[in-house]
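Here the structure is laid out as structure tokens; the discussion comes afterwards.
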Amino acid sequence: EIPGESFTHMDGKRQAVEIDRNNLFPYLLVNIGSGVGIIKVTGNRKFERVTGTHIGGGTMFGLAKLLTGCLSYDEFLKLSKQGDNLVLDLIVKDICGDLVSEQQGLSASTLASSFGKVIASKRTLADYKPEDLATTLLSAFTYNIAQIAFLVAALLGLNRVFFGGSYIRGHPSTMDNISYAISYWSKGQMQATFLRHEGFLGALGALMSYKELGIEDIEMVDVHLNDKEDLCEPSSISDESVTTEPNEHNIFPYLLVNVGSGVSMIEVIGKWKFERIIGTHLGGGTILGLARLLTGCTSYEEFLELSQRGNNLAVDLTVGDIYGEQGYPKHGLPASTTASSFGKVTSNKLSDYKAEDLAAALLNAFTYNIGQISCFVAKLSGLKKIFFRGTYICGHEKIMDKISRSMKYWSKGQLQTTFLCHEGFLGAVGAFWSYENMGIDDFATKEVMKQVLLGAPYIGGNSPSHSPRQIFHNDGSMNLKKEVERLHNENTELNAEVQRLLNENAELRAKLEKLQQDKSRSS
């Protein structure tokens, strides 16, 4: 209805998009309010809300108040223009260098973990510039919103994605981040399109629907909208649990979700047959980085303990806060559903909030987000089984419970979620088992590994009763004394071999010096 309404924004360049009414539908509308509502539009006044996320503009602004002390969203956006997110963000180069990055097909500058550098730093919140904190927040959440939008569009087979909502504000960096992320994850197959009247779509739609009122006679006045979008997040799901014992015949294919500083998602189709298909920068490093800044905790264990005692509803905005105790029955959203993480934050004084409540809200926000993205990726890849691992799960009951609830909600119970007792040691275990040609068959590999795993300490619960010491006593198959003696003999042989090589090296050096002397004499 409005000429020049739509445009793209990439690398600071704005370009108008001409809309062909005959080729407009279907499309995806991503409305960024306090949370994010995602709507599939198939025709004029034919639309349905398909999903959403509780991590939206309210999350950015809520955290921005606490971290930077800003009083308005526009002040936050102004701060973000002047900062450098690399002060706090961990990129791929920081983890594995330029060479390994290229081998993995990742750019060295790829964002690995938002706020990830904070976890290894001794700096406190006061040591960081508000501008850098603002820029880091903006990139973290705009990239996340764009990734979820891409996954939903891909699942629905849509290539046209419009972004609206009062939290975009025509802000260049916001639009650039979203555009870059959509192009990156879709490999250039999708393009983010923005709207001039992004924050007023609901009002304009309502106005245009009242044609019988004679809108030509209506006087238009400026108003400020309190844009609060309903966002879906699991809240009241039953605690049913199903334990399935996987074996080599029924385990493949599956999705392995590795929750480290960031999150990697790996499709495994067979033994030694796997491929990293996607990841997200909002992972354990983000949770702990923000936790250290907001609560002053010094370890992940301390953060988890804090979160156990907190109440996320002290800072999280729920559907009930927006629509009342009846919730939003039209979309099947109960009042207790989180609409916007940190969306209830009204004060810019960190001291006004309990550390326990902030920790609980952080855990709530990011575990549900990991579950949601994992579900969409599994659906897109046609996978029914998902394994979660990584040192940031820590066998923590609340983390596993929230991920499970999130997965059950988003998949409508169609996906199986499984956790692993030795989640933080899979790399080491896999490396150990992969050295089949290194002579460890003589070391009774499988039996030793089995006993070590059974006896390993486990943060999430009681350690199994087996002791690693049993390895050396069961059936006398591995006598400790004999093994020590064998290793001692082997060490003696290796020392002798090292000495032989040193002697040989000395002889070769002597010959080389003699040749050089002969050459200098002849010249």
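The values are calculated or read from the model by the stated rules, or taken from the named source; none is laboratory data. None of these values were measured; they are calculated from a predicted model. Reconstructed Cβ throughout: ideal geometry from the backbone, glycine too, with neighbour counts over all protein chains shown. SASA here: full protein model, heavy atoms, side chains in, ligands and nucleic acids out. Shrake-Rupley method; radii C 1.70, N 1.55, O 1.52, S 1.80 Å.
So the values come out like this:
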{"read-out": "Within region 338-384, tally of residues that are in contact (Cβ under 8 Å) with a residue 12 or more places away in the chain and either aliphatic (A, V, I, L, M) or within 24 Å of Y300 (Cβ to Cβ) (or both)", "value": "32"}
{"read-out": "Residue within region 394-415 that is at pLDDT 90 or above, open to solvent by 10 Å² or more (accessible area, probe 1.4 Å) and assigned to a strand (DSSP E or B) present", "value": "no"}
{"read-out": "Count - residues of region 318-337 that are assigned to a helix (DSSP H, G or I) and in contact (Cβ under 8 Å) with a residue 40 or more places away in the chain", "value": "4"}
{"read-out": "Residue check, E75 surrounded by fewer than 19 Cβ atoms within 10 Å (Cβ to Cβ), out of contact with any Asp or Glu (no Cβ under 7 Å at 6 or more places or on another chain), modelled with pLDDT of 95 or more and more than 18 Å from A365 (Cβ to Cβ)", "value": "yes"}
{"read-out": "Region 172-202: number of residues that are surrounded by fewer than 20 Cβ atoms within 10 Å (Cβ to Cβ) and in contact with a His (Cβ under 9 Å, 6 or more places away or on another chain)", "value": "2"}
{"read-out": "Residue match in region 62-70 (condition: assigned to a strand (DSSP E or B), in contact (Cβ under 8 Å) with a residue 12 or more places away in the chain and either touching a Phe, Trp or Tyr at 6+ places or on another chain (Cβ under 9 Å) or farther than 23 Å from G262 by Cβ (or both))", "value": "no"}
{"read-out": "Sole residue being under 17 Å from L294 (Cα atoms) and of a type outside the set (S, T, Y), chosen from D74, D132", "value": "D132"}
{"read-out": "Restricting region 325-349 to residues that are of a type in the set (A, V, I, L, M) and over 13 Å from N364 (Cα atoms), the residue that is nearest to the chain's Cα centre (by Cα)", "value": "V345"}
{"read-out": "Test: Q82 is at pLDDT 95 or above and closer than 30 Å to I38 by Cα", "value": "no"}
{"read-out": "Matching entry among T42, T51 (being crowded, with 18+ Cβ neighbours inside 10 Å and not in a loop (DSSP other than H, G, I, E, B))", "value": "T51"}
{"read-out": "Looking only at region 166-192, and only at residues there that are part of a helix (DSSP H, G or I) and in contact with a Gly (Cβ under 8 Å, 6 or more places away or on another chain), the one that is farthest from E75 (Cα to Cα)", "value": "D176"}
{"read-out": "Extreme residue, modelled with the highest pLDDT, among residues of region 87-124 that are hydrophobic (A, V, I, L, M, F, W, C) and surrounded by fewer than 16 Cβ atoms within 10 Å (Cβ to Cβ)", "value": "A120"}
{"read-out": "Top-ranked residue in region 298-317 [being in contact with a strand residue (DSSP E or B) (Cβ under 9 Å, 6 or more places away or on another chain) and free of Cβ contacts under 8 Å to residues at least 60 places away in the same chain; ranked as least open to solvent (accessible area, probe 1.4 Å)]", "value": "N312"}
{"read-out": "Count - residues of region 269-297 that are outside any helix (DSSP H, G or I) and open to solvent by 30 Å² or more (accessible area, probe 1.4 Å)", "value": "9"}
{"read-out": "Residues being within 22 Å of L294 (Cβ to Cβ), in a loop (DSSP other than H, G, I, E, B) and either open to solvent by 10 Å² or more (accessible area, probe 1.4 Å) or among the small types (G, A, S) (or both) - total across region 338-389", "value": "9"}
{"read-out": "Criterion: under 23 Å from V30 (Cβ atoms) and charged (D, E, K, R) - qualifying residue of K187, K117, K93", "value": "K187"}
